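The next block holds one structure in the form of structure tokens; read it before the comments.
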Amino acid sequence: MSVEKFNHLVAEKKWHKFWEDNKIFKASDNKKLKKFYCLEMFPYPSGKIHMGHVRNYTLGDVIANFKRLNGFNVLHPMGWDSFGMPAENAAIQNKLHPKKWTHSNIETMKSQLKLLGFSIDWDKEISTCDESYYKHQQKFFLDLYKKGLVYKKESLVNWDPVDNTVLANEQVVDGKGWRSGANVIQKKLSQWFFKITEYAEDLNQSLDTLTNWPEKVKLMQKNWIGKSKGCEIEFDLTSSSSNKKINIFTTRPDTIFGASFIALAIDHPIAKEYEQTDEFKEFKEQSYKIGNTDEAIAKTEKFGFKTNYVAQHPFIKNKTLPVYFANFVLMEYGTGAIFGCPAHDQRDLDFARKYKLEVTPVILPKGIKQSEFKINKEAYLEDGTLINSEFLNGLDVDKAKELIIEKFERVNKGKGKTTFRLRDWGISRQRYWGCPIPILYREDGAIIPVPEKDLPVRLPEDINFDKPGNPLDHHPTWKFTTCPETGMKAIRETDTLDTFVDSSWYFLRFCSSNNKEKGYEIDDAKYWMPVDQYIGGVEHAILHLLYSRFFSRAISSDTEFEIREPFHGLFTQGMVCHKTFKTEDGQWTYPEDVLEKDGNFFEKNSNKKIIIGPSESMSKSKKNVVDPQAVINMYGADSVRWFMLSDSPPERDIQWSDEGIAGCYKFIQKIWSCSEKILNISDSKEISANEKTNLEKLINKLTKEITHNIENFHFNVAVAKFYEFINNFTKILNDNNQDKKIYIEHFNQFLILIYPFTPHVAFEIWEKINKKKDLHLQKWPSFKESLLREEEFNIVVQINGKKRSILLAKSGLTEEQLFQMSLGLDNVKKLIENKKIIKKIYVKNKLINIVIHE
RNA sequence: GCCCUCGUGGUGGAAUUGGUAGACACAAAGGACUUAAAAUCCUUGCCCUUCGGGGAGUGCCGGUUCGAGUCCGGCCGAGGGCACCA
């Protein structure tokens, strides 16, 4: 009998149309339903979708479908992170307007996403470059401005000389621009900032409430925020000509008696007094000379510049400390000044050795005599007992810290203080393709926020990219305007907002996508927020997630509904990898251009020999990419989705392979042919009661496993269980009486279970069997614990912990009965002959361990 | 340098709380069907074996336990984050 194949090309098109026409993935407005907000990180419209998108949205789609079948009102939207530099770069290179380029990319990518059959509510689609989006963002900017969370300051910024723009600290990777890869230089500019540091404590503490976030991500954020408890201490500085007071910050106030110098940052206010001297100029120049990479900075030799100040030690009369400027002290952290305790800090020790300063140990390691304890080249950083420290002597480090802070506070020379590594978020970008900052500079010098009624501040469309720099700045008319209150002349802010601002609230916009008045409606947000499951790449573990957590708080504080944590559950998926191919002369080669001949590989056109490199994350530059669209055409959307869920756990990297996708295709066909076999049963006969129970148990077990594995993101295990089921099911189907009704009943349940993974083939078979297009209206099946209970068990029989035999036993037997049975097993008998049994262990329905004397 | 995670067959990986290691898939070898191929299906997978079974085995060394991939200590290796943060 010939069996017809599943034709994905026809079936997928048919179901896409049906789903779209009937809007079956539309979220309901009925706020009485139990909701589930499933969100994947929205894409940047760079051109075409890539395998990373496919994986991301497939993972999310399984969850969305699963939750819908479980009776949730699911919000599963899609949008476009559509402002950003590539659009401008494309405009410069191809003379194409960024808007046109962006919109055409969105069209392409949208049609590609639709090919995969994702259950997206397209009615809620948004795009951050639309003024219907960014006008609300400008309103939020003004709100934050009113709340005092936005400020402008002259600051040294990371300047990318290739992209001609400012970069946030986070966008500088190893001293290079994250996008251009150019060496970043320091430049002074007046910049807008969000006061994210205002929320440092809250952002840090609240991480502990995020129980459905990966520990790894929470830890990365903790490290980034970098909270440290310490103490601020006031020192009196004197020189022959003046007296000063300065504050220093330390986390080791307990080592105050080991202090031997004060070190200041090069740009500390006191530096003003030395700026004119040649020696200081030279010192400053030298410290700026050091390489750009963080690593190079960290390994640079410590050096300093001695001032003519001395500092009075706070507790030792007549003891003064020399005051230096030092290249390793940062103005941005703490107070830009420290006291050096060489014995217990490596940098301080290096510095002290260089300038022959005192090294007084004040912490004695446990178990070492004071007379034998010497500091040579390594500082002692661990805990111990305080020595040489007057009233602190004999205490351990923690106690000493406590006591000394109390003492400082009592004598009014310092106080306990917490500092953070986190800095404020610089949001100004000297770029055209971004959200305009709604600010005016009036001719009298006043800075005026654009009134709400004048929003949006629209981007002009007639722009010129021929000159370098920001086209908004040299636009002939756009920036010239008047003050709405006084009528005085005014100039618009020509910087635009960092695109991370766009993505810091888009999840809120999805709650009220089509609302024209507000960025989001409080009632909608109350219902939908927080996002129940957020899925995306781990590369956003710090920036995007931290900014979003801050921005949600900032814009919703003082409103009726404060959104502190926007993402309840977070899942970070791994990357899609592929082998890399290079010709012998070092040219990267696309996988489809590589041919195999007798175990050797050649480039298709040139016939050059190909060297196969390690599997790496797919990237255009290395050409180790596979185009999703081509694969979908060939194998179908279900096969591609199935591949993305198979084998590798979703949090780990996955290796793309041609064999793998072919295997997935085979499995889809196998499901199809299994359904054909059932439908073609012509001589239906009743099945035996025993087989009937077996079948019931099979589907019941599958139901439990799939439910459990979806809930825990073990999609690869779920896939394995589906394979196992189909293997067993077809075996029973082939070996037994063919009871059509029973098989159909169980296969229907199987189709519901697999629908979230491979919706097209599931719908097609469902319709074929049931003559209805209503698979999506089915209820997720429940499983019966009673059916999971077995009447027979394989009980492992161990002797001294080693497996020796297996005992097939019915349930209900007592421990003693089972023990006697196991003693009767040939293998066991042989091994315990003439040996003394010392002990026996029984694990119910699982295992017997007989311990004997060897 | 500091912090974190992970080491299981040829490969991707599985293994609720410590309780049959290697599920499932890919690749390979052999076989069945076929004139042939494709497709499909079956078998095998380290060492020894009298074919009943026995032995070794989850990066390395040691420990706890009746029993360790799983827990503890120490190494080695890979990946990721931070990086002059006082």
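The values are calculated or read from the model by the stated rules, or taken from the named source; none is laboratory data. Keep in mind that this is a model prediction, so the values were computed, not measured. Here Cβ is always computed from backbone atoms with ideal geometry, including for glycine, and neighbour counts include all displayed protein chains. SASA here: full protein model, heavy atoms, side chains in, ligands and nucleic acids out. Shrake-Rupley method; radii C 1.70, N 1.55, O 1.52, S 1.80 Å.
Do we have A:Gln370 as over 14 Å from A:Ile262 (Cα atoms), within 13 Å of RNA strand B (Cβ to nearest atom) and not β-branched (Val, Ile, Thr) here? Break it down into steps so the answer makes sense when it comes.
On the way: over 14 Å from A:Ile262 (Cα atoms): yes; within 13 Å of RNA strand B (Cβ to nearest atom): no; not β-branched (Val, Ile, Thr): yes.
No; evaluated as a whole, the condition is false for this residue.
For the stretch A:649-669, the set of residues classified as more than 6 Å from RNA strand B (Cβ to nearest atom), open to solvent by 40 Å² or more (accessible area, probe 1.4 Å) and within 30 Å of the chain's Cα centre (by Cα) consists of A:Glu651, A:Asp653, A:Asp658, listed by residue number. Residue check: A:Thr360 meets all listed conditions (1) part of a loop (DSSP other than H, G, I, E, B); (2) within 16 Å of RNA strand B (Cβ to nearest atom); (3) under 24 Å from A:Lys281 (Cα atoms) but one, namely (3). A:Ser617 meets all of the listed conditions (1) within 27 Å of A:Thr572 (Cα to Cα); (2) without any contact (Cβ under 8 Å) to a residue 12 or more places away in the chain but one, namely (2).
Looking only at the stretch A:792-829, residues that are loosely packed, with under 14 Cβ neighbours inside 10 Å and aromatic (Phe, Trp, Tyr) come to 0 in all. Being touching a residue at least 24 places away in the same chain (Cβ under 8 Å), near RNA strand B (Cβ under 10 Å from one of its atoms) and outside any helix (DSSP H, G or I) is the filter; apply it to the stretch A:234-258 and report the residue that is farthest from A:Asp424 (Cα to Cα). Here the residue is A:Arg252.
Contact annotation: residue pairs with Cβ atoms under 9 Å, 6 or more positions apart or on different chains, pairing a residue in the stretch A:376-394 that is in contact (Cβ under 8 Å) with a residue 60 or more places away in the chain and more than 15 Å from A:Arg252 (Cα to Cα) with a partner that is in a loop (DSSP other than H, G, I, E, B) and open to solvent by less than 80 Å² (accessible area, probe 1.4 Å), are A:Asn388/A:Thr360; A:Asn388/A:Pro361; A:Asn388/A:Val362; A:Glu390/A:Phe315; A:Glu390/A:Ile316. Would you check if A:Gln112 is closer than 20 Å to A:Glu452 by Cα and either open to solvent by less than 50 Å² (accessible area, probe 1.4 Å) or in a loop (DSSP other than H, G, I, E, B) (or both)? Here the answer is no, as A:Gln112 does not meet what is asked.
Select from the stretch A:152-166 the residues that are open to solvent by 50 Å² or more (accessible area, probe 1.4 Å), touching a residue at least 60 places away in the same chain (Cβ under 8 Å) and over 16 Å from A:Pro471 (Cα atoms) and list them in ascending order.
Residues of the stretch A:152-166 that are open to solvent by 50 Å² or more (accessible area, probe 1.4 Å), as a first pass: A:152-154, A:156, A:161-162, A:164.
Filter once more, keeping what is touching a residue at least 60 places away in the same chain (Cβ under 8 Å): A:152, A:164.
Within the stretch A:152-166, just A:Lys152 meets the criteria.
Checking each residue in the stretch A:710-731 for being within 9 Å of RNA strand B (Cβ to nearest atom) and over 22 Å from the mean Cα position of the chain (by Cα) picks out A:Val717, A:Val719, A:Ala720, A:Lys721, A:Phe722, A:Tyr723, A:Glu724, A:Ile726, A:Asn727, A:Asn728, A:Thr730, A:Lys731. Evaluate the stretch A:591-606: report whether one residue or more is within 16 Å of RNA strand B (Cβ to nearest atom), more than 27 Å from A:Asp627 (Cβ to Cβ) and open to solvent by 50 Å² or more (accessible area, probe 1.4 Å). Checked the stretch A:591-606: at least one residue is within 16 Å of RNA strand B (Cβ to nearest atom), more than 27 Å from A:Asp627 (Cβ to Cβ) and open to solvent by 50 Å² or more (accessible area, probe 1.4 Å).
For the criterion of being closer than 27 Å to A:Ala720 by Cα and in contact (Cβ under 8 Å) with a residue 60 or more places away in the chain, A:Ser782 passes.
When the residues of the stretch A:191-219 are filtered to those that are in a strand (DSSP E or B) and surrounded by 18 or more Cβ atoms within 10 Å (Cβ to Cβ), the one that is farthest from RNA strand B (Cβ to nearest atom) is A:Trp192. Of all the residues in the stretch A:515-555, those that are in contact (Cβ under 8 Å) with a residue 12 or more places away in the chain and either within 16 Å of RNA strand B (Cβ to nearest atom) or in a helix (DSSP H, G or I) (or both) number 26.
Taken together, the criteria place A:Lys704 among residues that are charged (D, E, K, R), crowded, with 17+ Cβ neighbours inside 10 Å and assigned to a helix (DSSP H, G or I).
Please indicate, with yes or no, whether at least one residue in the stretch A:764-771 is within 16 Å of RNA strand B (Cβ to nearest atom) and at pLDDT 95 or above. For the stretch A:764-771, residues within 16 Å of RNA strand B (Cβ to nearest atom) and at pLDDT 95 or above: absent.
The set of residues in the stretch A:455-481 that are open to solvent by 70 Å² or more (accessible area, probe 1.4 Å), at pLDDT below 95 and either outside any loop (DSSP other than H, G, I, E, B) or in contact with a Ser or Thr (Cβ under 6 Å, 6 or more places away or on another chain) (or both) contains only A:Asp473.
Yes/no per residue for (1) charged (D, E, K, R); (2) outside any loop (DSSP other than H, G, I, E, B):
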position	(1), (2)
A:Phe351	no, yes
A:Lys356	yes, no
A:Lys366	yes, no
A:Ser371	no, yes
A:Tyr380	no, no
A:Asp383	yes, no
A:Asn388	no, no
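Residues being more than 28 Å from A:Leu395 (Cβ to Cβ), open to solvent by 40 Å² or more (accessible area, probe 1.4 Å) and not in a helix (DSSP H, G or I) are represented in the stretch A:331-345 by at least one member.
Identify, by number, the condition in (1) open to solvent by 20 Å² or more (accessible area, probe 1.4 Å); (2) over 30 Å from A:Trp15 (Cα atoms); (3) among the hydrophobic types (A, V, I, L, M, F, W, C) that A:Phe567 doesn't meet. Unmet condition: (1).
Could you check A:Leu788 against (1) touching a helix residue (DSSP H, G or I) at 6+ places or on another chain (Cβ under 8 Å); (2) of a type outside the set (Gly, Ala, Ser); (3) more than 12 Å from RNA strand B (Cβ to nearest atom); (4) more than 22 Å from A:Ile678 (Cβ to Cβ) and say which number it fails? Going through (1) touching a helix residue (DSSP H, G or I) at 6+ places or on another chain (Cβ under 8 Å); (2) of a type outside the set (Gly, Ala, Ser); (3) more than 12 Å from RNA strand B (Cβ to nearest atom); (4) more than 22 Å from A:Ile678 (Cβ to Cβ) one by one, A:Leu788 breaks only (3).
Could you pull out the residue among A:Lys100, A:Lys176 that is within 24 Å of the chain's Cα centre (by Cα) and of a type in the set (Lys, Arg)? Quick ask: steps written out before the conclusion?
On the way: A:Lys100 fails: within 24 Å of the chain's Cα centre (by Cα).
Testing whether each residue is within 24 Å of the chain's Cα centre (by Cα) and of a type in the set (Lys, Arg) leaves just A:Lys176.
With respect to A:Thr572, is the statement that it is in contact (Cβ under 8 Å) with a residue 60 or more places away in the chain and either assigned to a loop (DSSP other than H, G, I, E, B) or of a type in the set (S, T, N, Q) (or both) true? If you could, list the steps in order and put the result at the bottom.
Values: in contact (Cβ under 8 Å) with a residue 60 or more places away in the chain: yes; either assigned to a loop (DSSP other than H, G, I, E, B) or of a type in the set (S, T, N, Q) (or both): yes.
Here the answer is yes, as A:Thr572 does meet what is asked.
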